[in-house]
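Peer 1: Once you've had a glance at the structure underneath, I'll fire off some questions.
The values are calculated or read from the model by the stated rules, or taken from the named source; none is laboratory data. All values reported here derive from a predicted model rather than from experimental measurement. All Cβ positions, glycine included, derive from the backbone under ideal geometry; neighbour counts span all protein chains shown. The protein model used for the area step is the full one, side chains on, heavy atoms only, and it has no ligands, DNA or RNA in it. Shrake-Rupley method; radii C 1.70, N 1.55, O 1.52, S 1.80 Å.
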Amino acid sequence: MPISAALVSTFVVAQAVLAAEPTPVAVRITSDVAECPSSVQVQSALRQVLGDGDRSAGGWVLSYGRDPSAPEAERDDSVLLELIDPSGVRLAVRRIPAAPGDCGAIASAMAAVVERSLRTLGWTKGEPLPEAARRPSAPEPSTPTARKRGPRLVLGLGPSFGTSSRAGINLLLEARLRVAGPVCLRLGSGLFSGSDSQNVGSSGKASLTTRYFTAAPLAAFAFGSLELAAGPILLLSFDHASTQGLAQGGSGDREVLAAGLGLGVAVRLAARWRVSLGLEGYRVALGADYFVQINGAKAVVLSPSPWQGIASAKLEFVAWP
C-alpha cells in the first residue's frame, strides 16, 4: 500500500510539472545586424526559453540593431534591443554589450531579457499572456534616454489650414529627422499653390500665386504613446504676381520670409503609424513690396499679412527605425 501511494504521488507530481510548462510564445525578429548575433542565433536562443511557437501567428516583435545615437566609434560595442507587444507598445528596451566573438552569449542574453519581460506580464508556468488591454504597466527600461527619444525619421501627410488666403487650405507634406537627443530638423511644404488678388483702380486687378516651404529645429519628447514637439519655425514663400486691366501691366517675383513658433502633438496608433496635430504662428520678417502705377503714382499691392497662422492634421509614418 505505501508503494502504491508513492507511485500515485509521483504520477501527480509529474503531471503537475508537465502542466506547468509555459505556453510557447511566437516572437518575430527584425534586425539590421547581419551577424553577431544573426537572426538564426537569436531565434535558436528564443526557442530554448520560449518554446517553438508559430511565428506566423504571433504579434510579438523583437527588434535589435546598433544604437544610432551612439558615437560612430562605439556603435559596434553594444546591441540595442526592443521588445514590442502585439499592440505596438514597447515592453522593454535594453542595451547589451557586444564583445567580438561572443555572438552566442549575446543571443542568450537577449533571449533572457525577453523571457523576464514576458514573465512580468503573467507568463508564468502554464498561464497564457494576458491581453494587451489588461497588461500591467511595463517596467522601466534600463536605458531611460532611449525610451524618451523619438523615432529617427518620420514622414507626414495631411490637410493644413492657413489664416491668410495665400496659405489657405492645402495638403502638407513633411519629413522630420532626429539629429541628436531630442533635437529634430523638420522640413515641410504645401503641395498646392496658394493665391491672392486685389482690385486696382477702377478696372485693374493684381493677382498672385505662391508656394511655401517650412524649416524648423524642434525639440521632441516622448511620453509613452504621446509625443510633444515645439520650437522656432521659418516659413519661406515664393510669390509670382501679375496685373490685368492696367495701362502699364507687368509681372514680378519675390520671396517672403516669416519667422515664428510651432507646437505639435503626436499619438501612436501602431508600431509605425501616428496621427499628429500642429499649430504654428508666424510674423513676416523680410519681403519686397509689389508696386503698380495708377494715374502716374506708385501704389503698393498684394502685401502679405503681417501675422499668419497654420493649423494641420497629419497621418505620420515612422520610416526609421
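Peer 1: Report, by chain and number, residues whose modeled amide H sits under 5 Å from the one on residue 285, excluding near sequence neighbours (fewer than 5 apart, same chain).
Peer 2: Amide H to amide H, under 5 Å and 5 or more residues apart or across chains, residue 285 pairs with 257, 258, 259.
Peer 1: Right, something else. Working out 0.36 nm times the residue gap between residue 272 and residue 161, then minus their Cα-Cα distance, what length gain in nm do you get to one decimal?
Peer 2: The residue 272-residue 161 span can extend by a further 37.4 nm.
Peer 1: Same structure, new question: Evaluate the distance, in nm, between pseudo-label points positioned 7 Å from the Cα of residue 255 and of residue 205 along their respective Cα→Cβ axes.
Peer 2: 3.1 nm
Peer 1: Sticking with this structure for a sec: Could you order peptides 284-292, 102-110 by the average number of other Cβ atoms within 10 Å of their residues, highest first?
Peer 2: Ranked from most to least packed, the peptides come out as 102-110, 284-292.
Peer 1: To continue, here is another question. Compute the signed sum of charges (Lys and Arg +1, Asp and Glu -1) over the other residues within less than 9 Å, Cβ to Cβ, of residue 174.
Peer 2: Spelling it out: positives minus negatives among the neighbours equals +2.
Peer 1: May I pose another question? Under a point spin-label approximation (7 Å from Cα along Cα-to-Cβ), what is the residue 152-residue 173 distance to one decimal in nm?
Peer 2: Label at residue 152, label at residue 173, 2.3 nm between them.
Peer 1: What distance in nm separates the simple spin-label points at residue 265 and residue 297, each placed 7 Å from Cα in the Cβ direction?
Peer 2: 5.1 nm
Peer 1: Working out 0.36 nm times the residue gap between residue 197 and residue 35, then minus their Cα-Cα distance, what length gain in nm do you get to one decimal?
Peer 2: Value of the extension gain: 52.1 nm.
Peer 1: Largest first, what is the accessible-area ranking of 320, 307 with a 1.4 Å probe? Each step should come with its number before you reach the end.
Peer 2: Working: 320 115, 307 170 Å².
Highest to lowest solvent-accessible surface, that is 307, 320.
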